[in-house]
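Comments concern the structure below.
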Amino acid sequence: MTLVLTGPPPTWKPQLEAADLQNVKRGVEYGSPSPGIAVTRMGNGDWFYAVDTTAANRTVTLPDVAEAAGQTHIVKRISGGANSCTITAAAGLLDGEAAHSIAAQYGVRGYFSDGEAWRGTGPNATAGTGDVASGTYTPTLAGTLNVDAVANGAASYIRVGNIVQVAGQFDVDPTAAGATGVGISLPIASNLGASSDLHGIGSGGVEANGRVFGDAANDRAMFNFNTTLTSSHTVFFMFAYRVL
């Protein structure tokens, strides 16, 4: 007698590794909703986002606050650099704000949904308190008034929350004695809405003294000063602004 098998052949599945079996038991799920953001659902039902900003700006979008009632979502920035890490929600505010950010590498923010709003939890619960960063940068300089040449810019900055303080210097060669203006790029981008969104002072000794204010049209600092010199000399500046 001949036995004939009908139907599709059996599908063979590879044996699960021990770690995979443990993850199945704990209910852990892995995914990557967008490049640079790895998501893990932990065994207690919380969600963890590891954000890598090395290649580009990243935005983590939390789910609809009503649909996620009772859930906790934790966001950690695992990379440094100038690219941004922004947190928003499909629906619902983050402690009364539409978006938060994490500026520093290894910074963490946690949120709990009570069904009506995303409530900040942990050390970074207050908007901005988890954003601490510092460094040096070479500002882009632009002579805007009475300038033959401007060069050798160097600056340092520190950010705490959404406030950034900057100090630096550059060499300027005025065309003539009198009012002079130089634009200075920002270390951390800000959408300045008015000149009062950035303020500071600058000096080159008795030969050049002036003020620093926001250039809202170009989102940069503007250093306007009067000089008595017509040759290249070094000036110094300090200013502060809010990341908007």
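Given the criterion farther than 22 Å from Ser231 by Cα and of a type outside the set (Phe, Trp, Tyr), identify the matching residue among Asn152, Asn162.
Within the list Asn152, Asn162, the selection yields Asn162.
Is it the case that some residue within the stretch 212-229 is in contact with a Lys or Arg (Cβ under 7 Å, 6 or more places away or on another chain), of a type outside the set (A, V, I, L, M) and surrounded by 14 or more Cβ atoms within 10 Å (Cβ to Cβ)?
There is at least one residue in the stretch 212-229 that is in contact with a Lys or Arg (Cβ under 7 Å, 6 or more places away or on another chain), of a type outside the set (A, V, I, L, M) and surrounded by 14 or more Cβ atoms within 10 Å (Cβ to Cβ).
Could you pull out every one of the strands (runs of 3 or more DSSP E) wholly within the stretch 45-123 that has 1 or more residues that are aliphatic (A, V, I, L, M)? Steps first, answer last, please.
Working: elements: 47-51, 58-62, 72-77, 85-89, 108-113, 118-121.
The strands (runs of 3 or more DSSP E) meeting that bar are 47-51, 58-62, 72-77, 85-89, 108-113.
I'm trying to understand the selection: among the residues of the stretch 194-206, which are surrounded by fewer than 16 Cβ atoms within 10 Å (Cβ to Cβ) and closer than 16 Å to Gly178 by Cβ?
Residue satisfying the conditions is Val206 alone.
What number of residues within the stretch 80-98 are more than 11 Å from the chain's Cα centre (by Cα) and either closer than 13 Å to Asp64 by Cβ or surrounded by 13 or more Cβ atoms within 10 Å (Cβ to Cβ) (or both)? Talk me through it step by step, then tell me what you get.
The first filter runs over the stretch 80-98 and keeps only residues more than 11 Å from the chain's Cα centre (by Cα), leaving 88-98.
Within this subset, residues satisfying the condition of being either closer than 13 Å to Asp64 by Cβ or surrounded by 13 or more Cβ atoms within 10 Å (Cβ to Cβ) (or both) are 88-95, 97.
Matching residues across the stretch 80-98 total 9.
Here are some residues: Ile188, Ile184, Ile163. Which one is within 27 Å of the chain's Cα centre (by Cα) and surrounded by fewer than 16 Cβ atoms within 10 Å (Cβ to Cβ)? Write out each step before concluding.
Working: Ile188 fails: surrounded by fewer than 16 Cβ atoms within 10 Å (Cβ to Cβ); Ile184 fails: surrounded by fewer than 16 Cβ atoms within 10 Å (Cβ to Cβ).
One residue alone meets the criteria, Ile163.
Might you check whether a residue that is assigned to a strand (DSSP E or B), touching a strand residue (DSSP E or B) at 6+ places or on another chain (Cβ under 6 Å), within 30 Å of Val108 (Cβ to Cβ) and at pLDDT 90 or above occurs anywhere in the stretch 196-206?
The answer is yes; a qualifying residue exists.
The values are calculated or read from the model by the stated rules, or taken from the named source; none is laboratory data. Quick caveat: nothing in here was measured; it's all calculated off a predicted structure. When we count neighbours, we look across all protein chains shown, and the Cβ atoms used for this are built from the backbone with ideal geometry, even at glycine.
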